[in-house]
Structures are given as structure tokens and as C-alpha cells.
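A quick write-up on the structure given underneath.
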Amino acid sequence: MRRVIAAMSGGVDSAVAAARAKEQGYDVTGIHLALSRNPASYRSGARGCCTIEDANDARRAADVIGIPFYVWDLSEEFHHDVVEDFMDTYAAGGTPNPCLRCNEKIKFAAVLDRALRLGFDGVVTGHYATVRTAEDGTVELHRAQDAAKDQSYVLGVLTQDQLRHSLFPLWDTPKPLVREEADRRGLRVADKPDSHDICFVADGDNAGWLREKLPDRVGAEAVAGLAGRIVDDATGEELGRHEGTYGFTVGQRKGLRIGRPAPDGKPRFVLDIEPVSGTVRVGGRERLKVTAITGDRPRWCGTAPTTLDATVQLRAHGEEHRCRVTVDGDRVEIDLEDPAYGIAPGQAAVIYDGSRVVGSATITATERDVTRPRA
């Protein structure tokens, strides 16, 4: 792999990754992804990664590094594969992970496919993870050395072929040292804040954004709050009204606007979301205890397992849970030795064998307070 595309978001990580790749002898071309036909409608300033400012920062970094630079318009693909998926999942009562879907569909599918067609050998990104070649020739995805910055979770959708064409130069360096290196290299993004939240939600208000976008999917009554009830899961008592189930996620505590405390004085959490009836069920935290997970849409970084004692991570930068994984075609069953709390359909379950990423699945259902015998 000699000729590579460096995906440059306009942030410090991707800029240093591109510089390192060139320094290591790769023939590097920088590209910035235009993910919206109206960049002003996406996040502004330093909070996101889809802005005109970010494109300019990426171009300046490429000039300093001394590599060619282009902007690729992938706005149609991004809207169809990431934004539409985000809206559909919330409309169905789930909790999506758009960053993971973007890696699957855009950065390591659409970008890599185009790069290979143009004669490049692979793609460089600033993700904190690493690839290693095993003795049998399999390319493995592993966690980064800096656990606080490890991003292998959002890369758990990558296939063996995609991993063979991927390069992650930052895997062994803590973020503060990456910033120091950027400063030494004269990159103006050295002190640029990290992006966070969802890049296509203009102000970070997911519920407000969904309220504007979802009428065609969930119906005008649900959007207007005419059919939305918040009920106590144990008694069925109506505790309040809401403006749409899309404004809630399983495990949520804040923003319920119930109006009166639970009889035991403990806080209530969202337990279930029923988008068809518009019902949000709430109860105590103990009801969020999950002991088993079912997933579909598996993506395996290598050979699909049949059964595996492993660990699973259920949120970006979340804790790992010991588990037994059983795979039957596109159905993935995960029995948790260490229970998890507040897990929702739509989230990703990323499976690990030590530091190695085995693969991922999209959660479709959970079992609470159920103990099943292990084989």
C-alpha cells in the first residue's frame, strides 16, 4: 500500500495522521468530505465536522504538509445512508449511532470504493485504533494504546477487505502528544477543539431537529404532542404528555417533565418507547438491568464466530461486559455475565476478544432480569 487517500476532517487528528503517512513514505492525497449541500445547515464553528470552516482548515493543513487536496461531494450518500437511517431509527423508537453508520457507509465504503477505482491503495484516517496482520494473514482491528481515546467501537463495522486498505497512524499516541506534534509541524489546528455531538444537528438539539424532520414518518399528531403519553410502567398511570417519542431514549432520566415524584422518592427513567401508540413508559433504574441482547445486521472484521466467550461494548467509550456470543446467520445472541443498564434497540454491540475487535451487530431487543443457563 503506497498511494493513499487521507480523509481530512479539518481537525487535528486527521491532519497529523496525513502528515505521518507522508513522513512514512506514502504518496498521500488529502480529501475533505462535503457531506451537506448547504454546509451552513450543519454544525457551525468548532463544534462539528461538516462546515465550511472545517473544509478550509483541512485545505490549509494539506498545504502545510505539502500534499494535493480535493473536496469530494458525498452529500447524497451521507443523507441517504446516515441521516435517513438516523431518522428512521428514532421514528421506530430506537437509538441510532450515526458516527458508526458513517464509518460503515461513507468513510470506509463510499470513500474507499472511489479511492480504489482511482488507483489508490487505501485510506488514512485519524481514528485511534490499529490494524495488525495475524500469522494466518488475517488483518485484525485492535484497540488503541490510549484507552481514553480508543475509537475501535465506531470502527467495529469494518470488514476484512476494508481493514486491508486502512491505515491508522495515531494508534500509539495520546491526544495531548498529537496536539504537541501538530504544533511542531506548524498546523494551525493544533489547538482546535474536538468535534462532538451529531454533526448534522445544527444546535445539538436532537429532539428539536427531529420534530422538524419527522412528520412524514411518525404522523402530525405525534409530532404535535397530541397522542404522546408518559406512563408509570408498574401502575399504568399517566404521568404527563410529550411532543413525540423521538425525544426520548431508553435509560433517559432528565427532561421527562413528569411533574410529580415517584412514591418511593427515587428518580424515574425511560424504560420503553412505543412509537405506534406514542407511549413512553418510565420506572425505576432497577428495571433497566439488561442480561441478554439480540442483534442483527452483523458486520464481522474477520471470520464470523459460531460461539465465543468475549466482551462486548455497548456505547462509545462505555465499559466492557463479559459475555457469551452465539451467532446463527444474521442473528446474534449475546448473554451478559456483567449486566448492563439502559440499552436500547438501534445501538451497536461491538464484540471484542481481548483488544481485538471481532465485529458488531445492531441491537434489536433486550432481555431484562433474565438469567439463562450457559452451555
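The values are calculated or read from the model by the stated rules, or taken from the named source; none is laboratory data. This structure is a prediction, so every number in the text was calculated from the model and none was measured. Every residue, glycine as well, gets a Cβ built from its backbone with ideal geometry; the counts of neighbours run over all protein chains shown.
Tell me, which residue of region 94-126 that is modelled with pLDDT under 95 and in a loop (DSSP other than H, G, I, E, B) is farthest from residue 148 (Cα to Cα)?
Of everything passing the filter in region 94-126, 94 is farthest from residue 148 (Cα to Cα).
When the residues of region 21-49 are filtered to those that are modelled with pLDDT of 50 or more and charged (D, E, K, R), which remaining residue is nearest to the chain's Cα centre (by Cα)?
Looking at residues that are modelled with pLDDT of 50 or more and charged (D, E, K, R), I get 37.
Looking only at region 152-178, filter to residues that are free of Cβ contacts under 8 Å to residues at least 60 places away in the same chain and in contact with a strand residue (DSSP E or B) (Cβ under 8 Å, 6 or more places away or on another chain); which one of those is nearest to residue 115 (Cα to Cα)?
Once the filter is applied, the top-ranked residue is 166.
Output yes when any residue across region 292-306 is assigned by TED's automatic domain parsing to the domain that holds residue 254, out of contact with any helix residue (DSSP H, G or I) (no Cβ under 9 Å at 6 or more places or on another chain) and at positive phi, and no when none is. Talk me through it step by step, then tell me what you get.
Taking region 292-306 first, the residues assigned by TED's automatic domain parsing to the domain that holds residue 254 are none.
Scanning region 292-306, I find no residue that is assigned by TED's automatic domain parsing to the domain that holds residue 254, out of contact with any helix residue (DSSP H, G or I) (no Cβ under 9 Å at 6 or more places or on another chain) and at positive phi, so the answer is no.
Mind checking which residues of region 254-280 are more than 23 Å from residue 367 (Cα to Cα) and either of a type in the set (Val, Ile, Thr) or in a strand (DSSP E or B) (or both)?
The one that is more than 23 Å from residue 367 (Cα to Cα) and either of a type in the set (Val, Ile, Thr) or in a strand (DSSP E or B) (or both): 258.
Restricting to region 100-113, name every residue that is closer than 20 Å to residue 359 by Cβ and either in contact with an Asp or Glu (Cβ under 7 Å, 6 or more places away or on another chain) or surrounded by fewer than 21 Cβ atoms within 10 Å (Cβ to Cβ) (or both).
Residues of region 100-113 that are closer than 20 Å to residue 359 by Cβ, as a first pass: 100-109, 112.
Those that are closer than 20 Å to residue 359 by Cβ and either in contact with an Asp or Glu (Cβ under 7 Å, 6 or more places away or on another chain) or surrounded by fewer than 21 Cβ atoms within 10 Å (Cβ to Cβ) (or both): 101, 105, 106, 109.
Please find, within region 237-265, the residue that is nearest to the chain's Cα centre (by Cα) out of those that are free of Cβ contacts under 8 Å to residues at least 40 places away in the same chain, surrounded by 14 or more Cβ atoms within 10 Å (Cβ to Cβ) and over 18 Å from residue 342 (Cβ atoms).
Residue satisfying both the conditions and the ranking: 244.
Can you find, within region 179-207, the residue that is modelled with the highest pLDDT among those that are buried (at least 23 other Cβ atoms within 10 Å of the Cβ) and not in a loop (DSSP other than H, G, I, E, B)?
Applying the filter and picking the extreme gives 182.
Which residues, counting only those in region 1-33, are small (Gly, Ala, Ser) and more than 19 Å from residue 117 (Cα to Cα)? Let's see the steps before the verdict.
So in region 1-33, the residues small (Gly, Ala, Ser) come out as 6-7, 9-11, 14-15, 17-19, 21, 25, 30.
Those that are small (Gly, Ala, Ser) and more than 19 Å from residue 117 (Cα to Cα): 9, 10, 11, 14, 15, 17, 18, 19, 21, 25.
Could you pull out the residue among 13, 73, 54 that is among the acidic types (Asp, Glu) and at pLDDT 95 or above? Show your work before the answer.
Numbers: 73 fails: at pLDDT 95 or above; 54 fails: at pLDDT 95 or above.
After ruling out the rest, the residue left standing is 13.
Being surrounded by fewer than 17 Cβ atoms within 10 Å (Cβ to Cβ) and not in a strand (DSSP E or B), is that true of even one residue in region 331-353?
Within region 331-353 (the criterion being surrounded by fewer than 17 Cβ atoms within 10 Å (Cβ to Cβ) and not in a strand (DSSP E or B)), the answer is no, since none of the residues qualifies.
Would region 322-330 turn up any residue that is surrounded by 19 or more Cβ atoms within 10 Å (Cβ to Cβ) and of a type in the set (Ser, Thr, Tyr)? Walk me through it before giving the result.
Taking region 322-330 and keeping what is surrounded by 19 or more Cβ atoms within 10 Å (Cβ to Cβ), we get 323, 325, 327.
With of a type in the set (Ser, Thr, Tyr) added as a condition, the list becomes none.
No, there is no match, as no residue in region 322-330 is surrounded by 19 or more Cβ atoms within 10 Å (Cβ to Cβ) and of a type in the set (Ser, Thr, Tyr).
Could you list, in sequence order, the residues of region 124-151 that are in contact with a strand residue (DSSP E or B) (Cβ under 7 Å, 6 or more places away or on another chain) and surrounded by fewer than 16 Cβ atoms within 10 Å (Cβ to Cβ)?
First, the residues of region 124-151 that are in contact with a strand residue (DSSP E or B) (Cβ under 7 Å, 6 or more places away or on another chain): 124-125, 129-134, 139-144, 150-151.
Within region 124-151, 132, 133, 134 meet the criteria.
Which one is farthest from residue 248 (Cα to Cα), of the residues in region 305-341 that are small (Gly, Ala, Ser) and out of contact with any strand residue (DSSP E or B) (no Cβ under 7 Å at 6 or more places or on another chain)?
First pass over region 305-341, keeping only residues small (Gly, Ala, Ser): 310, 316, 318, 329, 340.
Filter once more, so that each one left must be out of contact with any strand residue (DSSP E or B) (no Cβ under 7 Å at 6 or more places or on another chain): 316, 318, 329.
Working: 316: 19, 318: 20, 329: 32 Å.
Residue satisfying both the conditions and the ranking: 329.
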